[in-house]
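Trainee: Here you go, one structure.
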Amino acid sequence: MQKGSIGVSTEDIFPIIKKYLYSDHEIFLREVVSNAVDASQKLKTFSSVGEFKGEVGDLTVRISLDEKNKTITISDRGVGMTADEIEKYINQLAFSGANDFLEKYKKDANAIIGHFGLGFYSSFMVSERVDIITKSFRDGAKAVKWSCDGSPEYTIEEVEKADRGTDIVLHIDDENKKFLEKSEITRLLTKYCRFLPVEVAFGKKTEWKDGKEIETDQDNIINEVNPIWTRKPADLKDEDYDKFYRELYPMAEEPLFHIHLNVDYPFNLTGILYFPKIKSNIEIQKNKIQLYCNQVYVTDSVEGIVPEFLTLLHGVIDSPDIPLNVSRSYLQSDSNVKKISSHISKKVSDRLEEIFKADRKEFEQKWDDLKLFIQYGMLTEEKFYDRAAKFGLFKNTDGKYFTFDEYKDIIKTNQTDKDDNLIYLYSTNKDDQFSFIEAAKNKGYDVLLMDGYFDSHFVNHLEQKFEKSRFVRVDSEVADKLIPKEEHQELKLTADQREDLTTVFSSQIPQLSKANFIVSFEGLSENDTPVMITQQEFMRRMKEMSALQGGGMNFYGEIPDSYNLVVNGNHALVTRIAEDVEKELGDKLSSIRGRLSSLKSRKSELEAAKKDKKEEEIPQAEKEELEDVEKKMNEQNDKKEALLKEFAGTNKLVSQLIDLALLSNNMLKGESLNKFVKRSIELI
């Protein structure tokens with residue numbers, strides 16, 4: 001027996017492995033099994049080039065579990081190793097200096113895939129001792145056993161072994177005894193090894209017989225050696241793709257369609273990507289693409305490898321050309337990753353355009369499920385926007401679909417404002433904004449339905465892309481002012497009537513949480529709604545974007561909603577209220593206005609007299625008189641306001657019109673709604 005030392009202290013190399021390289025202990029099985037597969041594939045290669053002339057035979061990699069002796073054994077019939085090769089691959093590789101090892105591999109443990117010596121040492125994460133029993137395929141080679149307990153010391157000796165290949169025996173420590181459970185090993189093999197290119201067997205298949213589960217003689221093969229993405233698309237049917245998707249995501253809905261990737265120049269890339277039916281919460285949809293390196297599972301976190309919006313897709317990407325030993329930030333500047341990312345993005349857009357051109361009806365039927373994904377891409381990737389502009393769709397409130405160019409042609413005649421801007425009207429809720437949609441339609445306008453997750457951002461983006469165009473929500477203004485034209489109707493109310501009715505209506509608006517109302521008057525048609533509620537476009541859009549985006553825009557979310565209570569001054573019911581004010585309060589209001597007029601005149605005289613004078617040059621008597629005049633004006637205004645509020649409180653028509661406007665905006669709730677119902681019954 002020969003004894004030796006790896007050459008670094010326990011304090012150096014094994015803490016590095018534990019601290020930096022393998023934060024997740026379960027990786028050990030992937031590494032040791034993939035090493036065994038690699039050894040088996042090498043034997044095939046040597047056989048094909050004549051370097052190995054013997055019988056290749058069964059190359060199945062076998063995993064066995066011995067709970068009693070607390071061991072896991074991984075066995076292959078691959079190339080095996082000589083004592084010299086153990087020295088090269090196990091004792092020396094990467095261990096000439098612990099610091100070099102750390103710098104090279106600590107950033108990404110996945111970079112060690114295919115590096116036998118490095119991957120092998122992951123086994124010490126879970127083992128108190130590791131044995132390698134191996135025999136090289138080379139003629140005359142002797143079998144050797146290497147053993148190490150995790151210290152820098154090891155032993156190596158000649159042993160008897162009938163067949164070529166390697167057995168790695170892991171003596172599992174007490175802290176990791178969960179890995180001695182069959183179910184846990186099955187889980188790890190399924191996660192990391194299910195598509196390895198050499199058959200991997202874990203025990204035997206079982207069957208039920210006479211009420212008992214018994215082992216058969218048939219190997220329990222846990223992997224598919226020729227997964228669907230490694231085969232030619234011409235050899236596959238839609239059923240094959242659907243079956244593979246169900247295997248990957250057994251609980252998911254059926255995908256909309258798929259893309260098969262197959263590139264061998266200037267980089268190697270294979271895979272299959274599926275378009276899922278994307279719901280509103282995109283975070284749940286992310287990280288469903290599985291990344292493989294030569295059929296070895298690496299990760300399902302592919303940010304930096306594919307564009308952000310493509311992380312919403314599902315499926316598999318397999319490439320040996322994606323660098324795994326660098327930080328995520330470095331990936332974005334890697335030339336191969338850039339090419340791969342660009343290629344995938346182009347393939348996705350080409351596939352979407354292909355479906356759009358081949359069967360537009362089918363594309364429209366799937367649009368509501370595709371919309372979020374396509375908008376996400378158009379918002380975040382300039383090149384994807386340019387491609388997607390050909391097949392991106394608008395949907396209007398009647399459920400009809402249009403390309404961007406088609407819709408522009410449809411609305412340009414009727415929806416161009418006085419400044420030659422094209423106005424795109426849209427609704428975010430067809431039911432809540434029904435009355436506004438109908439009012440717009442009555443003027444011959446068309447209204448888009450923009451009720452998606454990204455739409456508040458998307459309309460902003462389109463305004464930057466579309467020349468001389470604005471997006472206006474249909475409830476942001478009265479129908480007559482949604483698209484400003486040269487012509488406008490005259491408002492019949494006098495200035496005094498507008499002032500009085502402002503107090504009348506504002507005093508009866510219910511107190512709503514985080515909502516402010518401003519009363520305004522418009523000269524609309526007598527057939528238009530007497531009172532309606534609109535919301536200013538800019539602030540509303542900022543608040544919607546804030547709710548979606550978070551971060552630095554959160555302050556918008558704290559600002560109360562600001563609404564316009566728009567009173568149609570030409571409506572008969574509003575005219576009637578104005579007449580009732582005059583009838584009940586005419587003399588009193590006329591007297592107050594007279595006093596206010598005199599006081600205003602005197603205030604103007606006093607202010608004119610002190611103009612261009614310094615404070616000390618103004619007589620004290622004039623200062624006191626000005627203060628007195630302002631006080632009296634405030635008293636008269638308070639008196640007028642009290643009279644108008646008292647009138648409004650007894651006039652059921654005022655409250656009814658306000659509540660109808662609130663109700664049409666789904667803003668009338670609780671006690672206010674109950675009062676409205678009772679009042680409606682009384683009025684009926």
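Trainee: Given the criteria in contact (Cβ under 8 Å) with a residue 12 or more places away in the chain and farther than 20 Å from Ile577 by Cα, does Ser601 qualify? Don't jump to the end; show me each part of the working.
Mentor: Numbers: in contact (Cβ under 8 Å) with a residue 12 or more places away in the chain: no; farther than 20 Å from Ile577 by Cα: yes.
When the stated conditions are applied, Ser601 does not pass them.
Trainee: So, one more: Which numbered condition trips up Leu448, out of (1) more than 18 Å from Gln415 (Cα to Cα); (2) not in a loop (DSSP other than H, G, I, E, B)?
Mentor: The single condition Leu448 does not satisfy is (1).
Trainee: If you don't mind, another one. Name the one entry in Glu622, Glu635 that is open to solvent by 50 Å² or more (accessible area, probe 1.4 Å) and farther than 26 Å from Asp500 by Cα.
Mentor: Working: Glu635 fails: farther than 26 Å from Asp500 by Cα.
Just a single option satisfies the conditions, and that option is Glu622.
Trainee: Restricting to the range 559-577, count the residues that are open to solvent by 10 Å² or more (accessible area, probe 1.4 Å) and assigned to a helix (DSSP H, G or I).
Mentor: Qualifying residue count, the range 559-577: 4.
Trainee: Further question on the same structure: For the range 519-536, which positions are assigned to a loop (DSSP other than H, G, I, E, B) and either free of Cβ contacts under 8 Å to residues at least 12 places away in the same chain or open to solvent by less than 30 Å² (accessible area, probe 1.4 Å) (or both)?
Mentor: Kept after step one, since they are assigned to a loop (DSSP other than H, G, I, E, B), are these residues of the range 519-536: 523-530, 536.
Gly523, Leu524, Asn527, Pro530, listed by residue number.
Trainee: When only residues in the range 429-450 that are crowded, with 17+ Cβ neighbours inside 10 Å and under 26 Å from the mean Cα position of the chain (by Cα) count, which is farthest from Thr529 (Cα to Cα)?
Mentor: Here the answer is Met450.
Trainee: Pairs, please: C-beta under 7 Å, at least 6 apart or cross-chain, first residue under 24 Å from Arg30 (Cβ atoms) and in the range 216-240, second exposed (fewer than 15 other Cβ atoms within 10 Å of the Cβ) and modelled with pLDDT under 95?
Mentor: Asp219/Lys204; Asn220/Lys204; Asn220/Lys205; Ile222/Thr190
Trainee: Go through the range 638-665 and count every residue that is open to solvent by 80 Å² or more (accessible area, probe 1.4 Å) and polar (S, T, N, Q). I'd like the intermediate steps shown before the answer.
Mentor: Initial filter on the range 638-665 (open to solvent by 80 Å² or more (accessible area, probe 1.4 Å)): 638-639, 645-646, 650, 652, 660.
From the residues that got through so far, the ones that are polar (S, T, N, Q) too are 650.
So the answer is 1.
Trainee: Which one is surrounded by the fewest Cβ atoms within 10 Å (Cβ to Cβ), of the residues in the range 674-684 that are part of a helix (DSSP H, G or I), without any contact (Cβ under 8 Å) to a residue 12 or more places away in the chain and of a type outside the set (D, E, K, R)?
Mentor: Out of the qualifying residues, it is Ile681.
Trainee: Here's a follow-up. Which ones in the range 291-315 are in a strand (DSSP E or B) and touching a Leu at 6+ places or on another chain (Cβ under 6 Å)?
Mentor: If the condition is that a residue be in a strand (DSSP E or B) and touching a Leu at 6+ places or on another chain (Cβ under 6 Å), then Val298, Thr299, Gly315 are the ones that fit.
Trainee: Would you kindly identify the helices (runs of 4 or more DSSP H) lying entirely within the range 180-286 that contain at least 2 residues that are crowded, with 19+ Cβ neighbours inside 10 Å and over 29 Å from the mean Cα position of the chain (by Cα)? Spell out how you get there, then give the answer.
Mentor: Numbers: elements: 182-193, 238-248, 282-285.
Here the list reads 182-193.
Trainee: Inside the range 456-481, can you point out the residues that are open to solvent by less than 20 Å² (accessible area, probe 1.4 Å), assigned to a helix (DSSP H, G or I) and in contact with a strand residue (DSSP E or B) (Cβ under 8 Å, 6 or more places away or on another chain)?
Mentor: Within the range 456-481, Val459, Leu462 qualify.
Trainee: List, please: which pairs have Cβ atoms under 6 Å, are six or more places apart or on different chains, and start with a residue in the range 38-64 that is under 17 Å from Asp167 (Cα atoms) and end with one that is open to solvent by 80 Å² or more (accessible area, probe 1.4 Å) and at pLDDT 90 or above?
Mentor: These pairs meet every condition: Thr60/Glu199.
Trainee: Also, quick follow-up: Tell me yes or no: at least one residue of the range 385-405 is closer than 19 Å to Val472 by Cα, of a type in the set (Val, Ile, Thr), in a loop (DSSP other than H, G, I, E, B) and open to solvent by 20 Å² or more (accessible area, probe 1.4 Å).
Mentor: There is no residue in the range 385-405 that is closer than 19 Å to Val472 by Cα, of a type in the set (Val, Ile, Thr), in a loop (DSSP other than H, G, I, E, B) and open to solvent by 20 Å² or more (accessible area, probe 1.4 Å).
Trainee: Additional query: Give the residue that is nearest to Gly594 (Cα to Cα), with candidates limited to residues of the range 621-645 that are under 59 Å from the mean Cα position of the chain (by Cα) and of a type in the set (A, V, I, L, M, F, W, C).
Mentor: Met633
Trainee: Of everything in the range 482-514, what is hydroxyl-bearing (Ser, Thr, Tyr) and in a helix (DSSP H, G or I)? Give them in sequence order. It would help to see each step written out before you state the result.
Mentor: Residues of the range 482-514 that are hydroxyl-bearing (Ser, Thr, Tyr), as a first pass: 494, 502-503, 506-507, 513.
Hits for the range 482-514 are Thr502, Thr503, Ser506.
Trainee: Inside the range 409-428, can you point out the residues that are in a loop (DSSP other than H, G, I, E, B) and exposed (fewer than 14 other Cβ atoms within 10 Å of the Cβ)?
Mentor: The initial filter retains those residues of the range 409-428 that are in a loop (DSSP other than H, G, I, E, B), namely 412-415, 417-421, 428.
Of everything in the range 409-428, those that are in a loop (DSSP other than H, G, I, E, B) and exposed (fewer than 14 other Cβ atoms within 10 Å of the Cβ) turn out to be Lys412, Thr413, Asn414, Lys418, Asp419, Asp420.
The values are calculated or read from the model by the stated rules, or taken from the named source; none is laboratory data. Remember, predicted model here, so these are calculated numbers, not experimental data. Methodologically, a virtual Cβ is constructed for each residue, glycine included, from the backbone with ideal geometry; neighbour enumeration extends over all protein chains shown. Heavy atoms of the whole protein, side chains included, go into the accessibility calculation; ligands, DNA and RNA do not. Shrake-Rupley method; radii C 1.70, N 1.55, O 1.52, S 1.80 Å.
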